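In what follows, a single structure is set out as structure tokens and then discussed.
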Amino acid sequence: MQFPLRIAGIGAYVPATIVTTSDLAERFGVDSSIIERTTGITERRYAVEETALTMAVQASQQALADAKYELDSIDLIVVAAAGMHQYIPCTAALLQKALQAPAGRSACFDLNATCLSFLFGLQVLAPLIASGVYKRVLLVSTERASVALDPNEWQSTALFGDAAAAVILERGDGSSSLERSQFTTWSNGSDLIQIRGGGSNQHPNAATTTPDMNWFSMQGPLAFRFVFRELQQFVKQFLVDLGWQNHEVDALIPHQANRHAIEQVQVRLGFTADQVISNFAKRGNCVAASIPLALAEAVAEGRIQRGNRLVLLGSGAGITLGVVALIY
């Protein structure tokens with residue numbers, strides 16, 4: 001279903017600390033060429049002084065400045081991310097306070113669909129904005145993934161980086177819109193990507209919770225095969241239902257999961273390399289911030305212009321596939 005939706009402003013923040021593949025190779029005692037050849041990443045950013053909240057503040061301020069809006073014009077703040085700043089209250093409420101936004105002027109909530117959180121945020125918010133329930137929304141994805149990476153396992157650790165990205169959403173004027181969105185979940189793959197600790201099942205204070213339960217765990221090859229068994233037909237049918245031909249898409253922004261996944265998205269879906277937006281080599285997989293960060297950087301570089309047709313797609317733990325079509 002189409003909704004009038006405009007990204008009025010966009011911003012991003014990456015931490016100051018650069019961690020090169022050579023740095024990780026030295027830490028793990030692995031040849032750096034093996035890591036770079038396997039992952040396709042030369043560097044990523046880790047939050048050292050920053051937190052998920054402080055990164056969210058930086059990205060939000062950029063988005064507000066880009067839109068030329070003041071904080072008192074925002075009536076909803078949503079943080080769409082896999083990680084949270086703390087359990088309670090929601091990160092969005094803490095962000096309202098950290099931004100010094102007027103208390104009581106905006107509502108706040110969080111949304112977690114792991115790597116697809118930002119895309120779900122667009123789908124959830126578009127009808128609320130179109131109907132007038134909210135006039136102007138700050139949507140932020142902020143991820144400090146580095147704190148959950150297993151220090152004994154380089155294969156997944158080398159893939160991830162930290163970042164935040166934010167957009168200001170409002171009702172489109174006819175030239176900008178969310179054209180279509182679609183998500184589906186295959187929960188029979190839910191054990192392939194997980195962090196078992198931290199919830200009520202394995203509470204941090206429970207005697208049965210062991211330290212390894214709090215590390216990110218991914219069965220990478222199995223997850224990859226699972227996703228690509230379904231992704232090709234899922235996205236191709238989406239484009240048929242949408243009525244867009246591949247050549248009519250100005251930019252395809254996949255979740256920056258890994259180099260091989262990005263390459264396979266392009267090849268299997270029949271797009272050209274010039275259509276695909278990727279910042280993976282310098283950013284790594286920034287979880288929910290991955291897609292909006294790539295979008296923000298492509299806009300800043302002039303690769304994406306107003307009126308462009310965009311397809312944002314990816315997969316997340318669950319396993320869930322998602323795709324959103326926008327006219328920017």
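Worth pointing out:
- Residue pairs meeting the criteria (Cβ under 7 Å; at least 6 apart or on separate chains; first within 20 Å of Leu149 (Cα to Cα), in the range 199-212; second open to solvent by 100 Å² or more (accessible area, probe 1.4 Å) and in a loop (DSSP other than H, G, I, E, B)): Gln202/Arg196
- The single residue among Ala67, Ala25 that is open to solvent by less than 40 Å² (accessible area, probe 1.4 Å), more than 20 Å from the chain's Cα centre (by Cα), at pLDDT below 95 and not β-branched (Val, Ile, Thr) turns out to be Ala25.
- Against the test of being modelled with pLDDT under 95 and farther than 23 Å from Ala298 by Cα, the options Gly197, Gly172 yield a single qualifying residue, Gly197.
- Identity of the residue in the range 101-119, farther than 17 Å from Asp75 by Cα and of a type in the set (Gly, Ala, Ser), that ends up surrounded by the most Cβ atoms within 10 Å (Cβ to Cβ): Ser117
- Top-ranked residue in the range 279-307 [being open to solvent by less than 30 Å² (accessible area, probe 1.4 Å) and not in a helix (DSSP H, G or I); ranked as nearest to Val249 (Cα to Cα)]: Ile304
- In the set Ala8, Ala47, Ala63, Ala56, only one residue is farther than 19 Å from Phe280 by Cα, touching a residue at least 60 places away in the same chain (Cβ under 8 Å), in contact with an Asp or Glu (Cβ under 9 Å, 6 or more places away or on another chain) and of a type in the set (Gly, Ala, Ser); that residue is Ala8.
- Restricting attention to the range 76-100 and to residues that are surrounded by fewer than 15 Cβ atoms within 10 Å (Cβ to Cβ) and either hydroxyl-bearing (Ser, Thr, Tyr) or more than 30 Å from Trp215 (Cα to Cα) (or both), the residue that is modelled with the highest pLDDT turns out to be Gln100.
The values are calculated or read from the model by the stated rules, or taken from the named source; none is laboratory data. All figures in this text were calculated on a predicted structure; none of them were measured in a lab. Glycine also receives a Cβ, built like all others from the backbone with ideal geometry; neighbour counts cover every protein chain displayed. Quick note on the areas: whole protein, heavy atoms, side chains included, nothing else; ligands and nucleic acids left out. Shrake-Rupley method; radii C 1.70, N 1.55, O 1.52, S 1.80 Å.
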